[in-house]
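The values are calculated or read from the model by the stated rules, or taken from the named source; none is laboratory data. Nothing here was measured: the structure is a model prediction, and the numbers come from that model. Heads up, the Cβs are rebuilt from the backbone with ideal geometry, glycines too, and the neighbour counts pull from every protein chain shown. Accessible surface is based on the protein model in full, side chains and every heavy atom, while ligands, DNA and RNA are left aside. Shrake-Rupley method; radii C 1.70, N 1.55, O 1.52, S 1.80 Å.
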Amino acid sequence: MSTGLQRLLAPRSVALIGGAWADAAQAASRVIGYRGELWRIHPTRASSAAQHYFRSVDELPAAPDAAFVAAPNREVPGIAAALCRRAAGGFVCFAAGFSETATEEGRRLTHELLASAGDLPFFGPNCYGFVNFLDGAALWPDQLVGVRRERGVALICQSGTVALNLLFNDRSLPIACVLTVGNQARLAAEELIEHLCADERVTGFGLYLEGIRDVARFAQAAAQARMAGKPIALLKTGRTAASAEAVRTHTGALAGADNVFDAFCSQAGVARCESLASLCETLKIFHGGGPLPGRRILAMGASGGDTAMAADAARNLSIEFPPFPAEATAQLRALLSERVHVSNPFDFHTHVWFDYPRQRAMFAIAQRAGFDLVAFLLDCPPAGADDTAYLRAIEEFAAALPGAATRAAVICSLPESLGSRARETCFASGVVPLQGQREALEAIDLAAGVGEAWKRGALLTLHRPRESAASARSLSEPEAKQALAAYGVAIPRSSVVAPSEAAAAAAALGFPVVIKAAGAALEHKSELGGVVLNVRTPAEAAHAAQRLCALSGTLLIEQMVDDGVVELLVGLRVDPQFGLVLVLAAGGVLTELLRDSVTLLPPFSAEGILAALARLRAAPLLDGFRGRPAADVPALVDTALACTRYALANLERFVELDLNPVIVRPRGRGAVAVDALIRLA
């Protein structure tokens, strides 16, 4: 399909099939300056001196490299078959009314289209087509905004309207091509990423997705883009959609589809953006030199207001504003005098605003002070006003950059206050123009996250069962614990007994103990009153057993762990798309209240689990908090790894696993799973 796709994207001959929408595509071809053959097909339109119309694909003088199909949906499979017979390159299926309708007729038409098209690559159905600004081709049924380019980012969108919105941007985003995929019946985002990775003119990828057709292939495409040095930024809808699966455990509640996709992006080195604005700004950073090497940022400007706002706007991000090193601080004080306080963010006042040699020297010191990115905070006057001094300041900032190891950006606080002249001045000199302080800082944070993921180097390895579980059963708590103990999970000393034997069993274990109803159907014992803690005498044990026997004919008597530093959840489940995922979270009764969790995809490693634990809000408790002892973190990591070994060994039957809580004891004393639930197909 690769050869056909290359013909489709950079065609030397185009067939436009249809009426008004095909007229619009013809107009777009004129705007972009398409120079190849362009043929029109319509069953009834009369030809004229200005325009000849063929009646069908079969009448064309040669096989078209690309076709735009804007015919009634019931006619599309026949047109696709004709294009296949003629050995066309591929086509755009603009027509709608296929699988997106979720009707039997729509599914039938989609199946017929796929069969009729043979191996031809095609966009859609229900898509807007594409624009190739690199090679000058546009199968695009709308007004075309944009200019021809020698290099830029590739935009891949499931929505034609979003693609238009991105084309309409006033942010100088260098766009190499816009490709809309619609229903992704044949061409999906993953195939397009793989194909365009080989094009040296493409500097990165920007995606708008509503769903992923083939997750494993998408993961491979992301890895391929990373190896090619072409970072991906995306916006994916569905953050608030509830999982379609029934949630049976805390793990299931925390590892919803969106959390898993977040984990995928974080580990794969893909920037997941919150808005089209942050998508554009992130892509500008990527185009200007790829991901950022780190999060050590210097924000500098001639206003205390700008710098203060920058610090506040970044408060919920992972950006760092480290101080200047001592040598740079001394150099700046000597240059600017003691009247300027050297800090980060750095308000350098207006002492050097019109003193250009000193201004350039100041920028040179800042750009060589060891920061990953130096951001010049500057808003410019609108078109028609005098922007001379502002553009000169940008030029001095850029002129100081050659030879520095840092990346450089100009950030305006309002998106509209960095006009096209200022933006083009920036891009021409290796400085990234970022518009809107909040989205600029988000973009910097995202680009640094991608850089960190690329440095880690580990590639994702998805583990998915061959078949999804149609139904599942839960092991009893004793069965689950024994199964996990065989893989290295520490569990309390215990006995499973009849209620009449509870007092004697408790005494044999040694008080205090915990007594639980042990039936396999009791997945949430605490909510049913099926757990009695801190039982300290035989009489208390007998009384607890008498109450619990109404819930279960067998009881679990366990040694009580009473020296815990922190309670955490360790869980695994099989996500319908991404397969096996590991969840680490605040444990006990606060799990779902706090929603403090981190999700990981394989490969699972001690280093990855340690890094994930550090991202929990509960992480300070592991290090010892307000005089409490430090927790046995290595034992907690070993527990999580043991759970992953069990899940991988039982992958074809595995549904989910929930240890809540794992009581982490003081350092050197271990971590104990005091409750366990396993569900198997």
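Numerical summary
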| read-out | value |
| --- | --- |
| Computed Rg/Rh of segment 74-206, alpha carbon atoms with Kirkwood Rh | 0.99 |
| Convex hull (Cα only) mean projected area of segment 1-113, reported in nm² to one decimal | 7.4 |
| Sum of side-chain charges, PHE54 neighbourhood, beta-carbon under 14 Å (Lys, Arg +1; Asp, Glu -1) | +1 |
| Overall dimensions of segment 571-660 as given by Cα atoms, namely Rg and Dmax in Å | 13.5, 46 |
| The chain - percent of accessible surface contributed by carbon and sulfur, probe 1.4 Å | 52 |
| Under 5 Å, built H, 5+ apart or other chain: amide partners of THR203 | GLY152, VAL153, ALA154 |
| Kirkwood hydrodynamic radius (C-alpha pairs) into Stokes-Einstein, segment 47-105, 4 °C and 1.567 mPa s, D in µm²/s | 101 |
| List LYS455, LYS525, ordered by accessible area with a 1.4 Å probe, largest first | LYS455, LYS525 |
| Heavy-atom accessible area order for TRP21, TRP140, largest first, 1.4 Å probe | TRP21, TRP140 |
| Stretchable slack from ALA539 to GLU210, in nm (0.36 nm times residue separation minus alpha-carbon distance) | 112.4 nm |
| Surface accessible to a 1.4 Å probe, per residue, for the residues of segment 1-149, Å² | 43 |
| In degrees, nearest ten, helix 104-117 long axis to first principal axis of the chain (Cα) | 60 |
| Cα pair count fraction exceeding 49 Å, expressed as % - the chain | 31 |
| Mean residue ellipticity (222 nm) of the chain, computed from DSSP H runs ≥ 4 via -39,500 (n - 2.57), nearest 500 | -10500 deg cm²/dmol |
| Burial ranking of peptide ranges 280-291, 473-484 (average Cβ count within 10 Å, highest at the top) | 280-291, 473-484 |
| Degrees between helix 388-399 axis and first principal axis of the chain (Cα, 0 to 90, nearest 10) | 70 |
| Segment 344-467 - convex hull of alpha carbons, volume per residue in Å³ | 153 |
| Förster-model FRET efficiency, 45 Å R0, ASN165 and SER343, C-beta, rounded to 0.05 | 0.70 |
| All Cα pairs of segment 436-515, percent lying beyond 19 Å | 70 |
| Segment 426-471: GluC sites (Glu not before Pro) in DSSP coil with no more than 13 other Cβ atoms inside 10 Å | GLU467 |
| The chain: angle of helix 276-287 to the longest principal axis, Cα-based, in degrees nearest 10 | 80 |
| Compactness of segment 464-510 as Cα Rg over 2.2 N^0.38 Å, two decimals | 1.66 |
